[in-house]
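Let me begin by presenting the structure, written as structure tokens, before commenting on it.
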Amino acid sequence: MYLATVAVCFQSLAFSPDSRRVVSGAKDGVVWLWDCTSGEELLVMKGHTDAIRSVAYSPCGNRIASASEDKTVRLWDSETGVCVFILEGHIDEVRSVKFSPDGRQLVSGSCDETIRFWNSETGEPGVILSPSSGRIWSIAISPDGRWIGSSHHDNTARLWDIVSGSPGPVLQGHSNVVTGIAFSPNSQLIVTSSWDRRVMLWDASAGDIISTFDGHSSTVWDVAFSPDGLTIASGSYDKTARLWE
């Protein structure tokens, strides 16, 4: 099934919690919502003035967040497509956005080297983390709600306590920019991707390397765990996606 035949490049995707819909963020700054069964276009959300880098669905399914190169994060009503909040504060493109497991907080990571917290119900800004580790490429939140993970331009990934904002383990092992980060479903493992063409598996509590996966011949842009936590998927500039066990 094709969800789109429009002449636009999509850079981010996310399923609704019930898997009935998928939201996509496009290079032209438009957010699209699609029906997964029929492929029907449900909503077109316009307002960003530059490319969408990341989209996310709230756990309850009533909000969609989008992060853009226009330096803003927007919150949309997923039923009407109305923009509920424009979250401003970043001074460079916003690369990644995630909801906390309870849906009450939104977290964004930017090339301005900050991680920002927002109240998803009021749009009010919260804590700002400034790691001073180069631009942030991606963020992830552990399913147990304990950690935020961030991937950085200085070849590291870092963990942060989601309640206090205190720094946790620093994941050091990649030899180039860390592009992607994801937690396992049980929150005990972390996987990262990098410009160094490698995928690495880490112990989340200690920050130690468990395994290194070699095979891609170019930059690995993103990684993900399967829902059962037994398989890792990686996507690369070498035009391949690989599964690792």
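The values are calculated or read from the model by the stated rules, or taken from the named source; none is laboratory data. Source: prediction; values computed, not measured. All Cβ positions, glycine included, derive from the backbone under ideal geometry; neighbour counts span all protein chains shown. The accessibility values were calculated without ligands, DNA or RNA, using every heavy atom of the protein model including side chains. Shrake-Rupley method; radii C 1.70, N 1.55, O 1.52, S 1.80 Å.
Among the residues of segment 89-112, those identified as surrounded by fewer than 22 Cβ atoms within 10 Å (Cβ to Cβ), on the phi < 0 side of the Ramachandran plot and assigned to a loop (DSSP other than H, G, I, E, B) are Ile91, Asp92, Glu93, Ser100, Pro101, Asp102, Arg104, Cys111, Asp112. Taking every residue in segment 113-127 that is closer than 18 Å to Arg63 by Cα and open to solvent by 70 Å² or more (accessible area, probe 1.4 Å) and pairing it with any residue that is among the aliphatic types (A, V, I, L, M) and at pLDDT 95 or above, at least 6 positions away or on another chain, the pairs with Cβ-Cβ distances below 8 Å are Pro125/Leu87. For segment 185-199, the count of residues that are open to solvent by less than 20 Å² (accessible area, probe 1.4 Å) and in contact with a Pro (Cβ under 8 Å, 6 or more places away or on another chain) is at least one. The residues listed here are Gly168, Gly180; of these, the one that is surrounded by 16 or more Cβ atoms within 10 Å (Cβ to Cβ), in contact (Cβ under 8 Å) with a residue 40 or more places away in the chain and in a strand (DSSP E or B) is Gly180. Inclusion of Ser150 among residues that are under 17 Å from the mean Cα position of the chain (by Cα) and not β-branched (Val, Ile, Thr) is warranted. Taken over segment 200-245, residues that are exposed (fewer than 14 other Cβ atoms within 10 Å of the Cβ) and assigned to a strand (DSSP E or B) amount to 5.
For the condition free of Cβ contacts under 8 Å to residues at least 40 places away in the same chain, in a strand (DSSP E or B) and open to solvent by less than 60 Å² (accessible area, probe 1.4 Å), Trp34 qualifies. Answer yes if at least one residue in segment 55-73 is open to solvent by less than 30 Å² (accessible area, probe 1.4 Å) and touching a residue at least 60 places away in the same chain (Cβ under 8 Å), and no otherwise. For segment 55-73, residues open to solvent by less than 30 Å² (accessible area, probe 1.4 Å) and touching a residue at least 60 places away in the same chain (Cβ under 8 Å): present. Remark: pairs (first residue in segment 145-165, over 16 Å from Phe99 (Cα atoms) and surrounded by fewer than 19 Cβ atoms within 10 Å (Cβ to Cβ); second residue among the β-branched types (Val, Ile, Thr) and modelled with pLDDT of 95 or more; Cβ separation under 7 Å; 6+ apart in sequence or on different chains) = His153/Val177. Inside segment 128-157, residues that are among the hydroxyl-bearing types (Ser, Thr, Tyr), more than 22 Å from Pro59 (Cα to Cα) and assigned to a loop (DSSP other than H, G, I, E, B) make up a count of 3. If you go through segment 74-88 and keep only what is in contact with a Gly (Cβ under 8 Å, 6 or more places away or on another chain), within 16 Å of Ala14 (Cα to Cα) and open to solvent by less than 30 Å² (accessible area, probe 1.4 Å), you end up with Leu75, Ser78. Kindly establish whether Ile139 is within 20 Å of Ser66 (Cα to Cα) and open to solvent by less than 40 Å² (accessible area, probe 1.4 Å). Yes. Specify the residue that is farthest from the chain's Cα centre (by Cα); the eligible residues are those in segment 37-53 that are acidic (Asp, Glu) and either part of a loop (DSSP other than H, G, I, E, B) or surrounded by 17 or more Cβ atoms within 10 Å (Cβ to Cβ) (or both). By that ranking, first place goes to Glu40. A single member of Ser211, Ser226, Ser217 is more than 21 Å from the chain's Cα centre (by Cα) and farther than 16 Å from Val177 by Cα, and it is Ser211.
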